[in-house]
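Student: I am attaching a structure below and will ask some questions about it afterwards.
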Amino acid sequence: MSEFYTMKIAGLERKLEMFPVSDKLDIAAFIIFGDVELTVAGCAELLKKVPEFDVIVTPEAKSIPMAYEMSRQSGKPYVVARKGVKVYMGNPLKTTVTSITTQKEQTLYLGESDVAALRDKRVLILDDVISTGESLIAIQKLVKEAGGIEVAAAAFLAEGDAAKRDDIIFLEPLPLFFK
């Protein structure tokens, strides 16, 4: 039988299923895929909190619906840092990251057209959850290498100690569950 953590995000109540990360730690999994109501409402709330920006950049994959919706609501474009090189990317920038949910090293890439879209632009970095901050550091590195100007890093949720940070914008804190 699954356990759930119930919370409100952008005024909407959601039950997040609990999963073990280790024998000492569980997390409440926030999965935005398919939750259109929360995506629309959360993006509207997050847009009220972020500074002016020219382009959004997000890591592949869970935050892509958020990037799309914030782009739609703001009229600003978005770029996805991909987990693999595609034939159309040409001379990509790359960086590696290990996140709490993936638990293995991944490489993120920006293609030439993505780099051109970020160069000299005010960039909003967007993710679904900021926890250890490793994914954020990887995206910040890519934005800097691309010549973008980071104006803010934002997420729907800040997990664990990330909620104490003053350099990120988020809607709600999400606790970690130690056994």
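The values are calculated or read from the model by the stated rules, or taken from the named source; none is laboratory data. Because the structure is predicted, anything quoted here is derived from the model rather than measured. Note that we place each Cβ from the backbone using ideal geometry, even for glycine, and neighbour counts take in every protein chain shown. These area figures cover heavy atoms from the full protein model, side chains too; ligands, DNA and RNA do not enter into them. Shrake-Rupley method; radii C 1.70, N 1.55, O 1.52, S 1.80 Å.
Student: So if I check each of 17, 37, which one is over 16 Å from the mean Cα position of the chain (by Cα), of a type outside the set (Phe, Trp, Tyr) and assigned to a strand (DSSP E or B)? Even if it seems obvious, please write down each step before you answer.
Tutor: Working: 37 fails: assigned to a strand (DSSP E or B).
Going through 17, 37 in turn, the sole match is 17.
Student: Additional query: Just wondering, is there one or more residues in the range 12-20 that are touching a residue at least 40 places away in the same chain (Cβ under 8 Å) and open to solvent by 50 Å² or more (accessible area, probe 1.4 Å)?
Tutor: Within the range 12-20, not a single residue is touching a residue at least 40 places away in the same chain (Cβ under 8 Å) and open to solvent by 50 Å² or more (accessible area, probe 1.4 Å).
Student: Additional query: Check off (1) part of a helix (DSSP H, G or I); (2) under 13 Å from the mean Cα position of the chain (by Cα) for residue 44 and give me the number that stays unchecked.
Tutor: Among (1) part of a helix (DSSP H, G or I); (2) under 13 Å from the mean Cα position of the chain (by Cα), the lone unmet condition for residue 44 is (2).
Student: Just the residues that are exposed (fewer than 15 other Cβ atoms within 10 Å of the Cβ) and at pLDDT 70 or above, please, taken from the range 92-113. Let's see the steps before the verdict.
Tutor: So the first thing to find is which residues in the range 92-113 are exposed (fewer than 15 other Cβ atoms within 10 Å of the Cβ), and the list is 96, 98, 102-105, 112-113.
Passing the criteria: 96, 105, 112, 113.
Student: Condition first: part of a loop (DSSP other than H, G, I, E, B) and open to solvent by 40 Å² or more (accessible area, probe 1.4 Å). Now tell me which residues in the range 1-11 satisfy that.
Tutor: Restricting attention to the range 1-11, the residues satisfying the condition of being part of a loop (DSSP other than H, G, I, E, B) are 1-3, 10-11.
Hits for the range 1-11 are 1, 2, 3, 11.
Student: Given the condition more than 17 Å from residue 63 (Cα to Cα) and of a type in the set (A, V, I, L, M, F, W, C), answer yes or no: does some residue in the range 117-138 qualify? Working first, answer last.
Tutor: Of the range 117-138, the ones more than 17 Å from residue 63 (Cα to Cα) are 117-122.
With of a type in the set (A, V, I, L, M, F, W, C) added as a condition, the list becomes 117-118.
Yes, the range 117-138 has at least one match.
Student: Shifting gears a bit: Under the condition of being of a type in the set (Asp, Glu) and open to solvent by less than 50 Å² (accessible area, probe 1.4 Å), which residue from the range 21-64 is nearest to residue 77 (Cα to Cα)?
Tutor: 54
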